[in-house]
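To keep things clear, I will list the structure first and then write my remarks on it.
Bear in mind these aren't lab numbers, they're just calculated from the coordinates by the rules spelled out. No experiment lies behind these values; they were computed from the predicted model shown. All Cβ positions, glycine included, derive from the backbone under ideal geometry; neighbour counts span all protein chains shown.
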């Protein structure tokens, strides 16, 4: 498993970074289209839609999202309230995590719609982020922000973790892990001020909340998989599981990151 994980990471990370840095918007839009299509397919499949229908719907929804970006001006103020509602519902779902295990038709539809909309807003915000001035660098900052938060959470959780964050949803996560992620991200934010035109207060106000909220995305994905009684969202990424397993934190964090970048 570890060998597969390393091989997959070594193959995919250079491709992702190359597209972000030198690929241009067409290649980046294609990258996001792939991630959105795969993640949407996985979420619909987890919520018991047949494989063929999940694939078709994943692709059609992703193409529709790209069409919206290409043909309509959608300032962040026009869709941020939808983002707030979606993730407020997700937080309510986490707080009432026993709801959803029965997988009734109503529960499956509600979970499917919330997840699909969350992934749509992720894709839309990533494309809009890449289109701003110095967008490729802000995109790169976001990717590394999520990775730094993951590393901080993993190291502090493994070495100091004693107090469980959500034992019924993701038993391995601890409050110490969350705190460690915030500390390492704060250090990362200071480093970024040396590289990009941003003052330290804005960097901290952008990045520390993002690292905190990325945990919500991780927990929401974990709860969805637990309710569906699956370990991974798919096996599309050997050693990592699926696209939701790899991008759950980014799906939650990207729209908020773009909003804060634009408004702070």
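General remarks:
- Packing-based ranking, highest mean first, of 34-40, 196-202 given that Cβ atoms within 10 Å are counted: 34-40, 196-202
- Most tightly packed first, judged by the mean number of other beta-carbon atoms within 10 Å of their residues, the peptides 165-176, 8-19 read 165-176, 8-19.
- The chain - mean residue ellipticity at 222 nm from DSSP helices (-39,500 (n - 2.57) per run, n ≥ 4, rounded to 500): -28000 deg cm²/dmol
- The order of 163, 240, going from fewest to most other C-beta atoms within 10 Å of their C-beta, is 163, 240.
- Our summary gives segment 2-263 a relative contact order of 24 percent, counting only alpha carbon pairs under 8 angstrom and 6 or more residues apart.
- Ordering 74-86, 125-137 by mean Cβ neighbour count within 10 Å, with the highest value first, yields 125-137, 74-86.
- Going by neighbour counts of Cβ atoms within 10 Å, the residues 207, 160, 95, 120 line up, fewest first, as 95, 160, 120, 207.
- Per the Kirkwood formula applied to alpha carbons, the chain shows a radius of gyration over Rh ratio, Rg over Rh, of 0.94.
- Of interest is the spacing of the C-alpha centroids, which for segment 186-264 and segment 95-138 amounts to 12 Å.
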